[in-house]
Amino acid sequence: MRVLVPGLLPTTLSAALMGVVSLPVVAADMNVKVEIPRLNVAEYHRPYVAVWLERPDQSVAATLAVWYDVKKKDKEGEKWLKDLRQWWRRAGRDVQMPVDGVSGATRPAGEQQLTFSGDKGALAQLPPGDYVLMVEAAREVGGREVVKVPLQWPPKAGQSAKGKGESELGAITLDFKP
């Protein structure tokens, strides 16, 4: 069915409607808090940590952060990234480190804050759907742990989700800011 509007050519109306249909989805900023517990052990090393988003089929949608020993000479710190087993098998072995805006130094015990802009970087390209925020930690002379936090993208305003580790990770909190 063809609709003619006085004063508008059919192509002008089509272009105007396409502009309405292709409006961008306004995405929220994603704030992630990762708690690294203070462990009372004889030999403590800061953990290597990977933070990424997975699709329901367990494929990696985006690697958000990787903390490792970036200062070791001859890139020796990269050799131990494979101890982050799930991240390594799904995405890490295909990544050339360091990655600007993703990789960084290990973090001390305490609550660590990460903020990702919904209109930049990996989140800007993320299609709507169900995802899982994955946080994996591995520590020399220590253990390994993965915490999963399900989420919906794009989020509804004020959405938050939580997960909790048992040994190498503490509370994982995910908040969206419109």
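The values are calculated or read from the model by the stated rules, or taken from the named source; none is laboratory data. Quick caveat, the model's predicted, so the values are computed rather than measured. We place every Cβ from the backbone using ideal geometry, glycine too, and count neighbours over all the protein chains shown. Note: accessible area is taken over every heavy atom of the protein model, side chains too, but ligands, DNA and RNA are not part of it. Shrake-Rupley method; radii C 1.70, N 1.55, O 1.52, S 1.80 Å.
Listed values, structure above:
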{"quantity": "Stretchable slack from Ser117 to Ser167, in nm (0.36 nm times residue separation minus alpha-carbon distance)", "calculated": "15.0 nm"}
{"quantity": "Across Lys71/Lys177; Lys71/Lys120; Lys33/Lys156; Lys75/Lys148; Lys82/Lys156, pairs whose alpha-carbon gap is larger than 25 Å", "calculated": "Lys71/Lys177; Lys71/Lys120; Lys75/Lys148; Lys82/Lys156"}
{"quantity": "Qualifying GluC sites (Glu not before Pro) in region 23-118, DSSP loop, other Cβ atoms within 10 Å at most 14", "calculated": "Glu43"}
{"quantity": "Probe 1.4 Å, accessible area per residue of region 97-177, Å²", "calculated": "51"}
{"quantity": "Set of aspartates and glutamates with alpha-carbon distance to Lys79 below 16 Å, sequence-local pairs under 8 removed", "calculated": "Asp69, Asp94, Glu140"}
{"quantity": "Prolate/oblate/rounded call for region 40-138, Cα gyration tensor, a/c under 1.5 rounded", "calculated": "prolate"}
{"quantity": "Region 115-178: GluC sites (Glu not before Pro) falling in loop per DSSP and having at most 13 other Cβ within 10 Å", "calculated": "Glu140, Glu166"}
{"quantity": "Region 89-178 shape via C-alpha gyration tensor axes, a/c threshold 1.5", "calculated": "oblate"}
{"quantity": "Contour excess over end-to-end distance, with Cα ends at Lys72 and Arg89 and 0.36 nm allotted per residue", "calculated": "3.8 nm"}
